[in-house]
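Asks: Below is one structure. I have some questions about it.
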Amino acid sequence: MKNKHNVPVDVLFINPPSPDGFIYIRDINRHGRSSWERMIWPQTNLAYLAAVAERCGLTVDIVDCIAEGISWRQFEKLLHECKPRYCFSNIISVTYTNDLRALRLAKETLGAVTVGMGPHITDRPGPTLRDANGLDFVITHEAEASLEELLQVLEADRHPPLARLQAIKGIGFIPGRIVAGEGPEPVITEQRPFIADLDSLPRPRHDLLPLRKYWAPFLGHYTFVEASRGCAYRCIFCRQAVMWQWKYRKRSGKALAEEALYVHSLGVDNILFHADTFTLDRGLVEELCDELIARGAPFRWACNTHVLSLFNAPDLIPKMKAAGCWMIAVGIESGNDEILKTIKKQITVAQAREVVARIHQAGIQAWGYFVLGFPGETPQAMQQTVDLALSLPLHIAKFDIAAPYPGTEFYKFAKSQGYLRAESYEEFDQNASPIVEYPHLSRDEIRAAVRRGTWRFFLRPFQIAMIIREILKPTSFVTMVRILCDQVRMLSGKKRAPAGGRSHPKEI
(Lines give C-alpha, C1' and ligand atoms only; values in the text may rest on other atoms or scores of the structure.)
Protein backbone atom coordinates (compact mmCIF):
# COMPACT_ATOMS: atom_id res chain seq x y z
CA MET A 1 0.00 0.00 0.00
CA LYS A 2 1.17 3.50 -0.83
CA ASN A 3 -0.19 6.27 1.36
CA LYS A 4 0.60 9.83 2.36
CA HIS A 5 1.18 8.86 6.00
CA ASN A 6 4.92 8.17 5.72
CA VAL A 7 6.35 11.22 7.47
CA PRO A 8 7.25 11.09 11.17
CA VAL A 9 4.90 13.15 13.35
CA ASP A 10 4.61 14.00 17.00
CA VAL A 11 0.92 13.18 17.38
CA LEU A 12 -1.12 10.66 15.39
CA PHE A 13 -4.91 10.57 15.62
CA ILE A 14 -6.31 7.19 14.61
CA ASN A 15 -9.60 5.86 13.37
CA PRO A 16 -8.62 2.18 13.77
CA PRO A 17 -8.97 -0.53 11.10
CA SER A 18 -12.15 -2.58 10.90
CA PRO A 19 -12.05 -5.80 12.94
CA ASP A 20 -14.02 -7.83 10.41
CA GLY A 21 -14.43 -6.06 7.08
CA PHE A 22 -17.59 -4.18 8.05
CA ILE A 23 -17.73 -0.39 7.98
CA TYR A 24 -17.89 1.14 11.47
CA ILE A 25 -18.90 4.59 12.67
CA ARG A 26 -16.71 6.15 15.35
CA ASP A 27 -17.30 9.58 16.80
CA ILE A 28 -16.38 11.45 19.98
CA ASN A 29 -20.07 11.62 20.94
CA ARG A 30 -21.21 8.10 20.00
CA HIS A 31 -20.68 4.59 21.30
CA GLY A 32 -20.55 3.75 17.59
CA ARG A 33 -22.17 1.17 15.36
CA SER A 34 -21.64 -0.95 12.31
CA SER A 35 -22.86 0.61 9.10
CA TRP A 36 -24.63 -1.81 6.79
CA GLU A 37 -25.41 1.23 4.61
CA ARG A 38 -21.61 1.60 4.27
CA MET A 39 -21.71 5.22 5.32
CA ILE A 40 -18.14 6.46 5.76
CA TRP A 41 -18.27 8.74 8.79
CA PRO A 42 -16.14 11.91 8.58
CA GLN A 43 -13.62 12.17 11.40
CA THR A 44 -14.15 15.86 12.04
CA ASN A 45 -13.86 15.23 15.78
CA LEU A 46 -10.27 14.07 15.24
CA ALA A 47 -9.63 17.12 13.03
CA TYR A 48 -10.58 19.35 15.98
CA LEU A 49 -8.14 17.51 18.24
CA ALA A 50 -5.39 17.70 15.62
CA ALA A 51 -5.82 21.48 15.47
CA VAL A 52 -5.55 21.68 19.26
CA ALA A 53 -2.38 19.54 19.30
CA GLU A 54 -0.89 21.70 16.54
CA ARG A 55 -1.61 24.77 18.68
CA CYS A 56 0.77 23.18 21.22
CA GLY A 57 3.56 23.39 18.63
CA LEU A 58 3.44 19.69 17.67
CA THR A 59 3.32 18.09 14.24
CA VAL A 60 0.12 16.13 13.63
CA ASP A 61 -1.58 13.72 11.25
CA ILE A 62 -4.86 11.81 11.07
CA VAL A 63 -5.12 8.23 9.84
CA ASP A 64 -8.67 7.21 8.98
CA CYS A 65 -8.30 3.48 8.43
CA ILE A 66 -12.02 2.99 7.77
CA ALA A 67 -12.22 5.62 5.03
CA GLU A 68 -8.90 4.68 3.45
CA GLY A 69 -9.43 0.93 3.69
CA ILE A 70 -6.25 0.41 5.71
CA SER A 71 -5.89 -3.15 7.00
CA TRP A 72 -4.26 -4.18 10.26
CA ARG A 73 -1.08 -5.21 8.45
CA GLN A 74 -0.94 -1.87 6.65
CA PHE A 75 -1.67 -0.04 9.88
CA GLU A 76 1.32 -1.66 11.60
CA LYS A 77 3.55 -0.60 8.70
CA LEU A 78 2.15 2.90 8.87
CA LEU A 79 2.95 3.18 12.57
CA HIS A 80 6.60 2.38 11.86
CA GLU A 81 6.69 5.04 9.14
CA CYS A 82 5.00 7.78 11.19
CA LYS A 83 6.83 7.01 14.45
CA PRO A 84 4.39 9.07 16.55
CA ARG A 85 5.29 9.99 20.11
CA TYR A 86 1.59 10.26 21.01
CA CYS A 87 -1.36 8.23 19.68
CA PHE A 88 -5.01 9.14 20.26
CA SER A 89 -8.20 7.29 19.32
CA ASN A 90 -11.92 7.12 20.03
CA ILE A 91 -12.82 3.83 21.71
CA ILE A 92 -16.36 2.70 20.89
CA SER A 93 -18.41 -0.11 22.39
CA VAL A 94 -19.00 -2.20 19.27
CA THR A 95 -15.27 -2.40 18.40
CA TYR A 96 -13.98 -2.11 21.95
CA THR A 97 -11.33 -4.87 21.92
CA ASN A 98 -10.29 -3.95 18.39
CA ASP A 99 -9.78 -0.27 19.24
CA LEU A 100 -7.74 -1.01 22.34
CA ARG A 101 -5.53 -3.22 20.16
CA ALA A 102 -4.71 -0.22 17.92
CA LEU A 103 -3.36 1.78 20.85
CA ARG A 104 -1.61 -1.24 22.33
CA LEU A 105 0.32 -1.69 19.05
CA ALA A 106 1.50 1.91 19.20
CA LYS A 107 2.64 1.40 22.78
CA GLU A 108 4.35 -1.95 22.23
CA THR A 109 6.08 -1.17 18.92
CA LEU A 110 7.00 2.50 19.41
CA GLY A 111 6.66 3.27 23.10
CA ALA A 112 4.16 6.00 22.21
CA VAL A 113 2.04 7.67 24.86
CA THR A 114 -1.47 6.34 24.19
CA VAL A 115 -4.76 8.08 24.95
CA GLY A 116 -8.34 6.88 24.49
CA MET A 117 -11.52 8.98 24.43
CA GLY A 118 -15.26 8.76 23.80
CA PRO A 119 -18.57 7.96 25.53
CA HIS A 120 -17.71 4.35 26.33
CA ILE A 121 -14.61 5.52 28.19
CA THR A 122 -16.43 8.48 29.74
CA ASP A 123 -19.01 6.12 31.23
CA ARG A 124 -16.45 3.64 32.57
CA PRO A 125 -12.91 5.08 32.61
CA GLY A 126 -11.62 2.87 35.42
CA PRO A 127 -12.68 -0.49 33.92
CA THR A 128 -11.31 0.58 30.53
CA LEU A 129 -7.91 1.38 32.02
CA ARG A 130 -7.86 -1.99 33.78
CA ASP A 131 -8.83 -3.79 30.54
CA ALA A 132 -6.16 -2.16 28.40
CA ASN A 133 -2.53 -2.83 29.20
CA GLY A 134 -1.33 -0.52 26.43
CA LEU A 135 -3.44 2.45 27.43
CA ASP A 136 -1.67 5.25 29.30
CA PHE A 137 -4.43 7.85 29.65
CA VAL A 138 -8.13 8.28 29.07
CA ILE A 139 -9.95 11.57 28.49
CA THR A 140 -13.52 11.83 29.70
CA HIS A 141 -16.29 14.05 28.31
CA GLU A 142 -15.15 16.93 26.07
CA ALA A 143 -11.61 16.26 24.94
CA GLU A 144 -10.03 19.40 23.50
CA ALA A 145 -9.03 21.32 26.64
CA SER A 146 -7.95 18.18 28.51
CA LEU A 147 -5.89 17.04 25.55
CA GLU A 148 -4.18 20.40 25.27
CA GLU A 149 -3.22 20.52 28.95
CA LEU A 150 -2.07 16.90 28.96
CA LEU A 151 0.19 17.51 25.96
CA GLN A 152 1.60 20.67 27.52
CA VAL A 153 2.41 18.85 30.76
CA LEU A 154 4.04 15.88 28.99
CA GLU A 155 6.03 18.13 26.67
CA ALA A 156 7.34 20.10 29.64
CA ASP A 157 8.31 16.93 31.52
CA ARG A 158 8.25 13.48 29.92
CA HIS A 159 7.95 12.00 33.42
CA PRO A 160 5.82 14.51 35.34
CA PRO A 161 5.08 13.94 39.03
CA LEU A 162 1.77 12.22 39.68
CA ALA A 163 0.50 15.27 41.54
CA ARG A 164 0.83 17.31 38.34
CA LEU A 165 -1.13 14.73 36.34
CA GLN A 166 -3.78 14.55 39.04
CA ALA A 167 -4.28 18.31 38.65
CA ILE A 168 -5.36 17.91 35.01
CA LYS A 169 -9.14 17.83 34.91
CA GLY A 170 -10.95 15.31 32.76
CA ILE A 171 -8.38 12.52 32.51
CA GLY A 172 -7.69 9.11 34.02
CA PHE A 173 -4.60 6.93 34.38
CA ILE A 174 -3.08 4.09 36.39
CA PRO A 175 -0.17 5.48 38.47
CA GLY A 176 1.87 2.29 38.18
CA ARG A 177 1.99 2.66 34.40
CA ILE A 178 3.35 6.19 34.71
CA VAL A 179 5.76 5.84 37.63
CA ALA A 180 7.38 2.51 38.48
CA GLY A 181 6.34 1.15 41.85
CA GLU A 182 3.16 3.21 42.13
CA GLY A 183 -0.25 1.67 42.67
CA PRO A 184 -2.39 -0.33 40.18
CA GLU A 185 -5.72 1.38 40.86
CA PRO A 186 -7.01 3.90 38.31
CA VAL A 187 -7.04 7.59 39.20
CA ILE A 188 -9.90 9.54 37.63
CA THR A 189 -9.52 13.29 38.00
CA GLU A 190 -12.22 15.91 38.51
CA GLN A 191 -14.52 16.51 35.53
CA ARG A 192 -13.51 19.47 33.41
CA PRO A 193 -16.12 22.19 32.77
CA PHE A 194 -17.53 22.18 29.26
CA ILE A 195 -16.27 24.72 26.74
CA ALA A 196 -18.75 27.58 26.80
CA ASP A 197 -17.72 29.21 23.52
CA LEU A 198 -17.27 26.59 20.80
CA ASP A 199 -16.13 29.31 18.40
CA SER A 200 -13.02 29.67 20.58
CA LEU A 201 -11.76 26.30 19.32
CA PRO A 202 -9.29 26.37 16.41
CA ARG A 203 -10.61 25.50 12.97
CA PRO A 204 -10.50 21.72 12.53
CA ARG A 205 -7.75 20.35 10.26
CA HIS A 206 -10.17 19.27 7.54
CA ASP A 207 -7.23 19.23 5.14
CA LEU A 208 -5.75 16.22 6.97
CA LEU A 209 -8.89 14.14 6.34
CA PRO A 210 -9.44 11.97 3.25
CA LEU A 211 -12.34 14.18 2.18
CA ARG A 212 -12.97 12.38 -1.11
CA LYS A 213 -13.48 9.10 0.78
CA TYR A 214 -16.44 10.27 2.86
CA TRP A 215 -19.47 8.91 1.08
CA ALA A 216 -22.87 7.39 1.74
CA PRO A 217 -25.55 6.03 -0.62
CA PHE A 218 -28.07 8.66 -1.71
CA LEU A 219 -26.02 11.24 0.20
CA GLY A 220 -22.93 11.11 -2.02
CA HIS A 221 -19.60 12.65 -1.12
CA TYR A 222 -19.86 14.90 1.92
CA THR A 223 -18.23 15.91 5.16
CA PHE A 224 -19.19 17.38 8.54
CA VAL A 225 -19.07 20.89 9.91
CA GLU A 226 -19.93 20.79 13.60
CA ALA A 227 -22.70 23.20 14.58
CA SER A 228 -23.33 22.52 18.27
CA ARG A 229 -22.91 20.06 21.12
CA GLY A 230 -25.56 18.77 23.48
CA CYS A 231 -29.34 18.87 23.33
CA ALA A 232 -32.23 20.14 25.43
CA TYR A 233 -34.37 17.04 24.86
CA ARG A 234 -34.03 14.10 27.25
CA CYS A 235 -34.58 10.96 25.16
CA ILE A 236 -33.71 7.90 27.26
CA PHE A 237 -31.54 6.28 24.58
CA CYS A 238 -29.42 9.27 23.57
CA ARG A 239 -25.63 8.99 23.91
CA GLN A 240 -25.05 12.75 24.18
CA ALA A 241 -26.29 12.49 27.76
CA VAL A 242 -23.08 10.58 28.50
CA MET A 243 -20.68 12.99 26.80
CA TRP A 244 -22.33 16.40 27.07
CA GLN A 245 -24.73 15.76 29.97
CA TRP A 246 -27.51 17.72 28.20
CA LYS A 247 -25.32 20.87 28.17
CA TYR A 248 -26.28 22.59 24.94
CA ARG A 249 -23.68 24.89 23.41
CA LYS A 250 -23.78 26.31 19.92
CA ARG A 251 -21.51 28.01 17.45
CA SER A 252 -22.46 31.23 15.69
CA GLY A 253 -24.09 31.02 12.29
CA LYS A 254 -21.38 33.28 10.86
CA ALA A 255 -18.57 31.02 12.11
CA LEU A 256 -20.39 28.00 10.69
CA ALA A 257 -20.74 29.66 7.31
CA GLU A 258 -17.06 30.63 7.24
CA GLU A 259 -15.90 27.11 8.07
CA ALA A 260 -18.33 25.56 5.57
CA LEU A 261 -17.08 27.90 2.84
CA TYR A 262 -13.51 26.89 3.69
CA VAL A 263 -14.42 23.20 3.46
CA HIS A 264 -16.16 23.93 0.15
CA SER A 265 -12.89 25.47 -1.10
CA LEU A 266 -11.23 22.10 -0.42
CA GLY A 267 -13.54 20.53 -3.01
CA VAL A 268 -16.52 19.43 -0.91
CA ASP A 269 -19.86 20.38 -2.49
CA ASN A 270 -22.12 18.66 0.05
CA ILE A 271 -21.87 19.53 3.73
CA LEU A 272 -23.74 17.97 6.63
CA PHE A 273 -24.03 20.32 9.60
CA HIS A 274 -23.29 17.92 12.44
CA ALA A 275 -25.17 18.37 15.72
CA ASP A 276 -27.18 16.46 18.27
CA THR A 277 -30.11 18.64 17.16
CA PHE A 278 -29.17 21.17 14.49
CA THR A 279 -32.43 23.16 14.55
CA LEU A 280 -32.59 23.51 18.34
CA ASP A 281 -31.60 27.19 18.22
CA ARG A 282 -33.56 29.12 15.61
CA GLY A 283 -31.18 32.08 15.76
CA LEU A 284 -28.20 29.92 14.77
CA VAL A 285 -30.04 28.49 11.77
CA GLU A 286 -31.32 31.87 10.60
CA GLU A 287 -27.90 33.51 10.89
CA LEU A 288 -26.30 30.65 8.95
CA CYS A 289 -28.97 30.81 6.25
CA ASP A 290 -28.58 34.59 5.93
CA GLU A 291 -24.82 34.24 5.49
CA LEU A 292 -25.16 31.51 2.87
CA ILE A 293 -27.93 33.27 0.95
CA ALA A 294 -25.78 36.44 0.83
CA ARG A 295 -23.05 34.36 -0.82
CA GLY A 296 -25.42 32.77 -3.34
CA ALA A 297 -25.87 29.44 -1.51
CA PRO A 298 -22.72 28.01 -3.14
CA PHE A 299 -23.03 24.40 -1.93
CA ARG A 300 -25.63 21.83 -0.93
CA TRP A 301 -26.09 21.06 2.74
CA ALA A 302 -28.11 18.80 5.00
CA CYS A 303 -28.84 18.57 8.71
CA ASN A 304 -30.90 16.77 11.32
CA THR A 305 -33.83 17.94 13.39
CA HIS A 306 -36.02 17.15 16.34
CA VAL A 307 -39.67 17.18 15.30
CA LEU A 308 -40.67 19.74 17.92
CA SER A 309 -38.12 22.38 16.92
CA LEU A 310 -39.43 22.57 13.35
CA PHE A 311 -43.04 22.06 14.38
CA ASN A 312 -42.74 25.31 16.35
CA ALA A 313 -40.93 27.15 13.53
CA PRO A 314 -42.65 26.27 10.24
CA ASP A 315 -41.39 29.39 8.43
CA LEU A 316 -37.77 28.30 9.02
CA ILE A 317 -37.99 25.45 6.49
CA PRO A 318 -38.40 27.59 3.32
CA LYS A 319 -35.47 29.76 4.41
CA MET A 320 -33.31 26.64 4.84
CA LYS A 321 -34.28 25.59 1.32
CA ALA A 322 -33.28 29.01 -0.08
CA ALA A 323 -29.89 28.70 1.67
CA GLY A 324 -29.07 25.38 -0.03
CA CYS A 325 -30.55 22.76 2.31
CA TRP A 326 -31.57 19.69 0.31
CA MET A 327 -32.18 17.09 3.07
CA ILE A 328 -33.33 17.06 6.69
CA ALA A 329 -32.98 13.89 8.78
CA VAL A 330 -35.91 13.61 11.19
CA GLY A 331 -35.64 11.53 14.36
CA ILE A 332 -39.17 10.11 14.62
CA GLU A 333 -38.30 6.86 16.46
CA SER A 334 -41.80 5.38 16.89
CA GLY A 335 -45.28 5.38 15.36
CA ASN A 336 -46.91 4.83 18.75
CA ASP A 337 -47.65 7.79 21.04
CA GLU A 338 -47.28 5.74 24.23
CA ILE A 339 -43.82 4.56 23.20
CA LEU A 340 -42.87 8.15 22.39
CA LYS A 341 -43.88 9.13 25.93
CA THR A 342 -41.92 6.23 27.42
CA ILE A 343 -38.72 7.24 25.65
CA LYS A 344 -39.26 10.93 26.55
CA LYS A 345 -39.24 12.02 22.93
CA GLN A 346 -41.60 14.93 23.72
CA ILE A 347 -43.45 14.63 20.40
CA THR A 348 -46.59 13.00 19.01
CA VAL A 349 -47.10 11.01 15.85
CA ALA A 350 -49.35 13.80 14.53
CA GLN A 351 -46.55 16.35 14.99
CA ALA A 352 -44.11 14.09 13.17
CA ARG A 353 -46.54 13.76 10.26
CA GLU A 354 -46.95 17.54 10.08
CA VAL A 355 -43.22 18.30 10.11
CA VAL A 356 -42.37 15.69 7.45
CA ALA A 357 -45.17 17.08 5.28
CA ARG A 358 -43.82 20.63 5.64
CA ILE A 359 -40.30 19.54 4.72
CA HIS A 360 -41.60 17.67 1.68
CA GLN A 361 -43.76 20.58 0.56
CA ALA A 362 -40.74 22.91 0.73
CA GLY A 363 -38.92 20.72 -1.80
CA ILE A 364 -36.46 19.31 0.75
CA GLN A 365 -35.92 15.57 1.09
CA ALA A 366 -37.07 14.14 4.42
CA TRP A 367 -35.19 11.12 5.74
CA GLY A 368 -36.88 9.35 8.66
CA TYR A 369 -35.14 7.51 11.49
CA PHE A 370 -36.98 4.88 13.52
CA VAL A 371 -36.09 2.52 16.38
CA LEU A 372 -37.76 -0.79 17.25
CA GLY A 373 -37.56 -2.57 20.60
CA PHE A 374 -38.00 0.17 23.17
CA PRO A 375 -39.48 -0.49 26.64
CA GLY A 376 -43.19 -1.17 26.36
CA GLU A 377 -42.87 -2.23 22.73
CA THR A 378 -45.17 -4.92 21.34
CA PRO A 379 -45.37 -6.51 17.89
CA GLN A 380 -48.39 -4.29 17.24
CA ALA A 381 -46.53 -1.12 18.28
CA MET A 382 -43.57 -2.03 16.07
CA GLN A 383 -45.96 -2.54 13.17
CA GLN A 384 -47.39 0.93 13.81
CA THR A 385 -43.89 2.34 13.41
CA VAL A 386 -43.36 0.53 10.11
CA ASP A 387 -46.80 1.63 8.90
CA LEU A 388 -46.01 5.24 9.81
CA ALA A 389 -42.78 5.15 7.81
CA LEU A 390 -44.63 3.73 4.80
CA SER A 391 -47.29 6.45 4.99
CA LEU A 392 -44.93 9.44 5.10
CA PRO A 393 -43.35 11.20 2.08
CA LEU A 394 -39.86 10.01 3.02
CA HIS A 395 -37.04 9.39 0.56
CA ILE A 396 -35.17 7.24 3.08
CA ALA A 397 -36.26 5.39 6.21
CA LYS A 398 -33.77 3.76 8.54
CA PHE A 399 -34.93 1.22 11.12
CA ASP A 400 -32.57 0.59 14.03
CA ILE A 401 -32.58 -1.95 16.83
CA ALA A 402 -33.08 -0.30 20.23
CA ALA A 403 -29.63 -0.39 21.84
CA PRO A 404 -29.18 0.55 25.51
CA TYR A 405 -25.69 1.99 25.23
CA PRO A 406 -23.73 2.19 28.50
CA GLY A 407 -24.43 5.33 30.48
CA THR A 408 -27.87 6.05 29.01
CA GLU A 409 -31.14 5.97 30.93
CA PHE A 410 -32.25 3.12 28.67
CA TYR A 411 -29.21 1.10 29.73
CA LYS A 412 -29.88 1.64 33.41
CA PHE A 413 -33.51 0.58 32.97
CA ALA A 414 -32.71 -2.55 30.95
CA LYS A 415 -30.03 -3.63 33.41
CA SER A 416 -32.15 -2.99 36.52
CA GLN A 417 -35.06 -5.00 35.08
CA GLY A 418 -32.91 -7.92 33.98
CA TYR A 419 -33.68 -7.35 30.28
CA LEU A 420 -30.08 -6.92 29.15
CA ARG A 421 -28.69 -9.95 27.30
CA ALA A 422 -25.26 -8.76 26.14
CA GLU A 423 -22.17 -10.82 26.91
CA SER A 424 -19.62 -8.42 25.42
CA TYR A 425 -19.39 -4.74 24.58
CA GLU A 426 -19.20 -5.66 20.89
CA GLU A 427 -22.87 -6.65 20.99
CA PHE A 428 -23.93 -3.03 21.66
CA ASP A 429 -24.79 -2.30 18.03
CA GLN A 430 -28.05 -0.68 16.97
CA ASN A 431 -27.60 -2.02 13.45
CA ALA A 432 -27.02 -5.67 14.22
CA SER A 433 -27.56 -6.89 17.76
CA PRO A 434 -30.81 -7.04 19.73
CA ILE A 435 -29.50 -7.20 23.29
CA VAL A 436 -32.70 -6.40 25.17
CA GLU A 437 -35.34 -9.09 25.60
CA TYR A 438 -38.64 -8.41 27.32
CA PRO A 439 -41.03 -10.98 28.83
CA HIS A 440 -43.53 -10.16 26.08
CA LEU A 441 -41.08 -9.47 23.18
CA SER A 442 -38.10 -11.55 22.06
CA ARG A 443 -34.89 -10.43 20.43
CA ASP A 444 -35.78 -12.44 17.33
CA GLU A 445 -39.07 -10.55 17.05
CA ILE A 446 -37.23 -7.22 17.23
CA ARG A 447 -34.69 -8.23 14.60
CA ALA A 448 -37.45 -9.56 12.34
CA ALA A 449 -39.40 -6.30 12.64
CA VAL A 450 -36.34 -4.26 11.66
CA ARG A 451 -35.72 -6.52 8.67
CA ARG A 452 -39.40 -6.41 7.65
CA GLY A 453 -39.59 -2.63 7.92
CA THR A 454 -36.43 -2.14 5.87
CA TRP A 455 -37.49 -4.44 3.04
CA ARG A 456 -41.08 -3.16 2.95
CA PHE A 457 -39.93 0.44 2.73
CA PHE A 458 -37.35 -0.01 0.00
CA LEU A 459 -39.23 -2.55 -2.13
CA ARG A 460 -41.69 0.09 -3.34
CA PRO A 461 -41.74 1.68 -6.80
CA PHE A 462 -40.35 5.09 -5.83
CA GLN A 463 -37.56 3.63 -3.70
CA ILE A 464 -36.73 0.93 -6.29
CA ALA A 465 -36.39 3.62 -8.95
CA MET A 466 -34.20 5.63 -6.58
CA ILE A 467 -31.99 2.58 -5.94
CA ILE A 468 -31.67 1.91 -9.68
CA ARG A 469 -30.58 5.50 -10.28
CA GLU A 470 -28.02 5.14 -7.52
CA ILE A 471 -26.71 1.84 -8.85
CA LEU A 472 -26.22 3.35 -12.31
CA LYS A 473 -23.67 5.78 -10.86
CA PRO A 474 -20.16 4.39 -11.51
CA THR A 475 -19.07 4.96 -7.90
CA SER A 476 -22.12 3.27 -6.41
CA PHE A 477 -22.68 -0.10 -8.07
CA VAL A 478 -20.14 -2.20 -6.16
CA THR A 479 -21.01 -0.47 -2.89
CA MET A 480 -24.72 -1.11 -3.33
CA VAL A 481 -24.03 -4.82 -3.82
CA ARG A 482 -21.95 -4.82 -0.65
CA ILE A 483 -24.71 -3.00 1.21
CA LEU A 484 -27.15 -5.74 0.25
CA CYS A 485 -24.74 -8.43 1.48
CA ASP A 486 -24.06 -6.57 4.75
CA GLN A 487 -27.78 -6.08 5.35
CA VAL A 488 -28.43 -9.80 4.97
CA ARG A 489 -25.51 -10.80 7.21
CA MET A 490 -26.24 -8.32 9.99
CA LEU A 491 -29.97 -8.81 10.28
CA SER A 492 -29.61 -12.59 10.05
CA GLY A 493 -27.32 -12.47 13.08
CA LYS A 494 -24.32 -13.74 11.10
CA LYS A 495 -21.97 -10.89 11.71
CA ARG A 496 -18.41 -12.14 12.15
CA ALA A 497 -16.64 -12.04 15.51
CA PRO A 498 -14.12 -9.19 15.74
CA ALA A 499 -10.43 -9.81 15.14
CA GLY A 500 -8.69 -10.38 18.43
CA GLY A 501 -11.81 -11.79 20.06
CA ARG A 502 -14.60 -10.13 22.01
CA SER A 503 -14.38 -8.25 25.25
CA HIS A 504 -15.24 -10.24 28.34
CA PRO A 505 -15.69 -7.64 31.07
CA LYS A 506 -16.59 -8.73 34.56
CA GLU A 507 -19.74 -6.69 34.42
CA ILE A 508 -21.60 -5.08 31.54
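Asks: Pairs only if they're at least six apart or on different chains, beta carbon under 8 angstrom, first in the stretch 260-274 and touching a residue at least 24 places away in the same chain (Cβ under 8 Å) and acidic (Asp, Glu), second in a strand (DSSP E or B) and open to solvent by 10 Å² or more (accessible area, probe 1.4 Å); list them, first residue then second.
Replies: Pairs found: Asp269/His221; Asp269/Arg300.
Asks: Need the failing condition index for His306 against (1) open to solvent by 60 Å² or more (accessible area, probe 1.4 Å); (2) under 25 Å from the mean Cα position of the chain (by Cα), just the number.
Replies: Single failed check for His306: (1).
Asks: Right, next: Among the listed residues Arg496, Arg452, Arg489, which satisfies the condition of being of a type in the set (D, E, K, R), outside any loop (DSSP other than H, G, I, E, B), modelled with pLDDT under 85 and open to solvent by 10 Å² or more (accessible area, probe 1.4 Å)?
Replies: It is Arg489.
Asks: For the stretch 283-301, which residues satisfy the criterion of being surrounded by fewer than 21 Cβ atoms within 10 Å (Cβ to Cβ) and under 15 Å from Ala329 (Cα atoms)?
Replies: Arg300
Asks: While we're on this one: If I filter the stretch 23-51 down to residues being under 25 Å from Lys398 (Cβ atoms) and aromatic (Phe, Trp, Tyr), which single residue comes out as least open to solvent (accessible area, probe 1.4 Å)?
Replies: Tyr24
Asks: Quick check on the stretch 424-433: of everything there that is touching a strand residue (DSSP E or B) at 6+ places or on another chain (Cβ under 9 Å) and open to solvent by 10 Å² or more (accessible area, probe 1.4 Å), which residue is farthest from Arg239 (Cα to Cα)?
Replies: By that ranking, first place goes to Ser433.
Asks: Let me ask another. For the stretch 40-128, give me every one of the helices (runs of 4 or more DSSP H) that falls completely inside it and has 2 or more residues that are of a type in the set (Val, Ile, Thr).
Replies: 44-55, 96-110, 119-123
Asks: So for the stretch 138-156 (the condition being open to solvent by less than 10 Å² (accessible area, probe 1.4 Å), more than 13 Å from Thr189 (Cβ to Cβ) and at pLDDT below 95), does at least one residue qualify?
Replies: Taking every residue of the stretch 138-156 in turn, none turns out to be open to solvent by less than 10 Å² (accessible area, probe 1.4 Å), more than 13 Å from Thr189 (Cβ to Cβ) and at pLDDT below 95.
Asks: Oh, and also: Inside the stretch 202-230, can you point out the residues that are modelled with pLDDT under 95, out of contact with any Lys or Arg (no Cβ under 9 Å at 6 or more places or on another chain) and either within 15 Å of Phe273 (Cα to Cα) or assigned to a strand (DSSP E or B) (or both)?
Replies: Leu219
Asks: Out of Met382, Met466, report the one residue that is in contact (Cβ under 8 Å) with a residue 40 or more places away in the chain, aliphatic (A, V, I, L, M), surrounded by fewer than 18 Cβ atoms within 10 Å (Cβ to Cβ) and over 20 Å from Arg239 (Cβ atoms).
Replies: Within the list Met382, Met466, the selection yields Met466.
Asks: May I ask you to list the residues in the stretch 195-212 that are open to solvent by 30 Å² or more (accessible area, probe 1.4 Å) and either touching a Gly at 6+ places or on another chain (Cβ under 8 Å) or basic (Lys, Arg) (or both)?
Replies: Result: Arg203, Arg205, Arg212.
Asks: While we're here: Can you tell me which residues in the stretch 431-458 are touching a Leu at 6+ places or on another chain (Cβ under 8 Å) and in contact (Cβ under 8 Å) with a residue 60 or more places away in the chain?
Replies: Of everything in the stretch 431-458, those that are touching a Leu at 6+ places or on another chain (Cβ under 8 Å) and in contact (Cβ under 8 Å) with a residue 60 or more places away in the chain turn out to be Ala432, Val436, Ile446, Ala449, Val450, Gly453, Arg456, Phe457.
Asks: Right, something else. Wholly within the stretch 264-376, which strands (runs of 3 or more DSSP E) include no fewer than the required count, namely at least 3 residues that are within 25 Å of Phe413 (Cβ to Cβ)?
Replies: Strands (runs of 3 or more DSSP E) meeting the threshold: 325-333, 365-372.
Asks: Also, quick follow-up: Going by the conditions given, is Gln166 polar (S, T, N, Q), touching a residue at least 40 places away in the same chain (Cβ under 8 Å) and out of contact with any Pro (no Cβ under 6 Å at 6 or more places or on another chain)?
Replies: Against the criterion (polar (S, T, N, Q), touching a residue at least 40 places away in the same chain (Cβ under 8 Å) and out of contact with any Pro (no Cβ under 6 Å at 6 or more places or on another chain)), Gln166 does not qualify.
Asks: Anything in the stretch 1-19 that is in contact with a helix residue (DSSP H, G or I) (Cβ under 9 Å, 6 or more places away or on another chain) and open to solvent by 10 Å² or more (accessible area, probe 1.4 Å)? List them, or say none.
Replies: Met1, Asn3, Asn6, Val7, Pro8, Val9, Asp10, Ser18, Pro19
Every residue, every condition in (1) within 29 Å of Trp244 (Cβ to Cβ); (2) at pLDDT below 95; (3) within 15 Å of the chain's Cα centre (by Cα); (4) not hydroxyl-bearing (Ser, Thr, Tyr), yes or no:
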| residue | (1), (2), (3), (4) |
| --- | --- |
| Phe88 | yes, no, no, yes |
| Leu105 | no, no, no, yes |
| Val113 | yes, no, no, yes |
| His120 | yes, yes, yes, yes |
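Asks: Among all residue pairs at least 6 apart or on different chains, which show Cβ distances below 9 Å where the first residue, located in the stretch 325-341, is farther than 22 Å from Ala275 by Cβ and the second is part of a strand (DSSP E or B) and of a type in the set (Asp, Glu)?
Replies: Cβ pairs passing all conditions: Ile339/Glu333.
Asks: Turning to a different aspect of this structure: Answer yes or no: is there a residue in the stretch 52-60 that is at pLDDT 95 or above, open to solvent by less than 10 Å² (accessible area, probe 1.4 Å) and either among the β-branched types (Val, Ile, Thr) or under 20 Å from the mean Cα position of the chain (by Cα) (or both).
Replies: Among the residues of the stretch 52-60, at least one is at pLDDT 95 or above, open to solvent by less than 10 Å² (accessible area, probe 1.4 Å) and either among the β-branched types (Val, Ile, Thr) or under 20 Å from the mean Cα position of the chain (by Cα) (or both), which makes the answer yes.
Asks: Sort out which residues of the stretch 188-201 are within 27 Å of Tyr262 (Cα to Cα) and assigned to a loop (DSSP other than H, G, I, E, B), and write them in order of number.
Replies: Hits for the stretch 188-201 are Phe194, Ile195, Ala196, Asp197, Leu201.
The values are calculated or read from the model by the stated rules, or taken from the named source; none is laboratory data. Remember, predicted model here, so these are calculated numbers, not experimental data. A quick note on method: Cβ atoms are made from the backbone with ideal geometry, for glycine too, and the neighbour counts reach across all protein chains shown. Just the protein is used for accessible areas: all its heavy atoms, side chains included, with ligands, DNA and RNA removed. Shrake-Rupley method; radii C 1.70, N 1.55, O 1.52, S 1.80 Å.
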